[in-house]
Amino acid sequence: MYQGAIFDLDGTILDSMGVWRQIDVEFLGRRGISVPPDYLEAITPLGFDRAAEYTIRRFSLPESREEIVREWYLMAENAYRYQVELKEGAGEWLNRLKSLNIPLAVATSSDEALFVPALKRTGIYDCFDAFVTVKEVARGKGFPDIYEKAAGRIGCVPEQCVVFEDILQGIRGAKMGGFCAVAVYDEDSAHEEQAMRDAADYYIYSFRQLLEGDPGLFDGQ
């Protein structure tokens, strides 16, 4: 059985993708630009700095990367601090794994300034033994780098870890690194459900499915 678990946050543990949809509408709307259908999907795996660089290139914006990241922070900070909640069953599942002495890591494209207040408010910050963001690795979530670093921080090798992700690029990156991958349904990635099912080892609509019928991923230590 697996000895460690690695979790994405936005769209996997945190029900936060709606926040980013609204930010995209407002941010690009201020510049007279409609949000392209593929924009959120394109920037989600990148992290703030790379997403800002991508946005500048795609829309030929005059602002610097730092200016755009600062604007996004200001738009998102209040929502993460006071509004964003956990996805169904996420808190219970994390506590279940902790009761089995499974070390848990976060692998996220978000930034500590946003996600730490949300995790503390929702009571799950202390469930995690390590945190890794994409700005700490050379490549984004289409590659295994972030998951490999997270596994190392909890003392596991990839073959010992399960990665929970809500985006296809994350699932493919985890599988490329030799991890077991569990795809988690989110409204923003629902259009890729079949591709995620094909790429992942398991596909769940809610952590309730694991709480009610764990497929034998973990036995504890």
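Annotations for the structure displayed:
- Listed by first and then second residue, the pairs linking a residue in the stretch 9-23 that is closer than 20 Å to ALA105 by Cβ to a residue that is among the aliphatic types (A, V, I, L, M) and open to solvent by 30 Å² or more (accessible area, probe 1.4 Å), with Cβ atoms under 7 Å apart and 6 or more places separating them unless they lie on different chains, are ILE13/LEU86; LEU14/LEU86.
- Filtered residues of the stretch 138-164 (kept if in contact with a helix residue (DSSP H, G or I) (Cβ under 7 Å, 6 or more places away or on another chain), modelled with pLDDT of 95 or more and outside any helix (DSSP H, G or I)): PHE143, PRO144, VAL157, CYS161, VAL163
- For the stretch 98-122, the tally of residues that are of a type outside the set (Lys, Arg), open to solvent by 10 Å² or more (accessible area, probe 1.4 Å) and either assigned to a helix (DSSP H, G or I) or without any contact (Cβ under 8 Å) to a residue 24 or more places away in the chain (or both) stands at 5.
- If you check THR12, THR55 for being in a helix (DSSP H, G or I), at pLDDT 95 or above, hydroxyl-bearing (Ser, Thr, Tyr) and open to solvent by less than 40 Å² (accessible area, probe 1.4 Å), only one passes: THR55.
- Selection status of LEU94, buried (at least 17 other Cβ atoms within 10 Å of the Cβ) and either touching a Cys at 6+ places or on another chain (Cβ under 6 Å) or not β-branched (Val, Ile, Thr) (or both): yes
The values are calculated or read from the model by the stated rules, or taken from the named source; none is laboratory data. The model shown is predicted, which means the values in this text are computed figures rather than measured ones. Positions of Cβ are generated from backbone atoms using ideal geometry, with glycine treated the same way; all protein chains shown enter the neighbour counts. All accessible areas refer to the heavy atoms of the entire protein, side chains included, with ligands and DNA or RNA removed. Shrake-Rupley method; radii C 1.70, N 1.55, O 1.52, S 1.80 Å.
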